[in-house]
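Okay, so here's the structure we're looking at.
The values are calculated or read from the model by the stated rules, or taken from the named source; none is laboratory data. All figures in this text were calculated on a predicted structure; none of them were measured in a lab. Because the Cβ atoms are built from the backbone with ideal geometry, glycine has one as well, and the counts that use them run over all protein chains shown.
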Amino acid sequence: TLAETNRAPFDLTEGESELVSGFNVEYAAGPFALFFMAEYTNIILMNALTTIIFLGPLYYINLPELYSTNFMMEALLLSSTFLWIRASYPRFRYDQLMHLLWKNFLPLTLALCMWHISLPIFTAGVPPS
């Protein structure tokens, strides 16, 4: 999901020209602001979906009032991680990006999906404590 947000270090469309902001030079003030607001909204949406699918709720919280607070804190932590990665890593070339996604991120994502699906199956036989 990090590469799908089109932000650094995966902002290959902006990195082509290295002018002011790549293709964003064509936009005036209003569409320019809406364009960047949509990109940051996309980042928040990706982090919210990642929180729902992979992290899920914390089961040790017995207060239902804290579920939405917990969800927002997990999404905020992931958003902060996105911003930290953007500030820390340089821009990738296309071949480096393809190698990173196909060799590292795809197997990790598939492993997390398998873990998420198989954990309830494996723990179904465990008696409750």
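Here is a yes/no grid of residues against (1) part of a helix (DSSP H, G or I); (2) touching a strand residue (DSSP E or B) at 6+ places or on another chain (Cβ under 9 Å); (3) within 21 Å of Ile44 (Cα to Cα); (4) not assigned by TED's automatic domain parsing to the domain that holds Leu45:
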{"position": "Met72", "(1), (2), (3), (4)": "yes, no, yes, no"}
{"position": "Leu77", "(1), (2), (3), (4)": "yes, no, yes, no"}
{"position": "Thr81", "(1), (2), (3), (4)": "yes, no, yes, no"}
{"position": "Trp84", "(1), (2), (3), (4)": "yes, no, yes, no"}
{"position": "Thr109", "(1), (2), (3), (4)": "yes, no, yes, yes"}
{"position": "Met114", "(1), (2), (3), (4)": "yes, no, no, yes"}
{"position": "Ser129", "(1), (2), (3), (4)": "no, no, no, yes"}
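Evaluate the following for Met37: is it in the same structural domain as Pro120 (by TED's automatic domain parsing) and farther than 30 Å from Pro120 by Cα? Break it down stepwise before answering.
Values: in the same structural domain as Pro120 (by TED's automatic domain parsing): no; farther than 30 Å from Pro120 by Cα: yes.
No, not satisfied.
Are any of the residues in region 88-103 touching a residue at least 60 places away in the same chain (Cβ under 8 Å) and loosely packed, with under 10 Cβ neighbours inside 10 Å? Yes, region 88-103 has at least one match. Checked across region 42-60, the condition of being within 12 Å of the chain's Cα centre (by Cα), at pLDDT below 80 and either within 30 Å of His116 (Cα to Cα) or part of a helix (DSSP H, G or I) (or both) holds for no residue.
Can you work out which of the residues in region 21-34 that are closer than 20 Å to Leu83 by Cα and loosely packed, with under 13 Cβ neighbours inside 10 Å is modelled with the highest pLDDT? Ranking the candidates gives Leu34 first.
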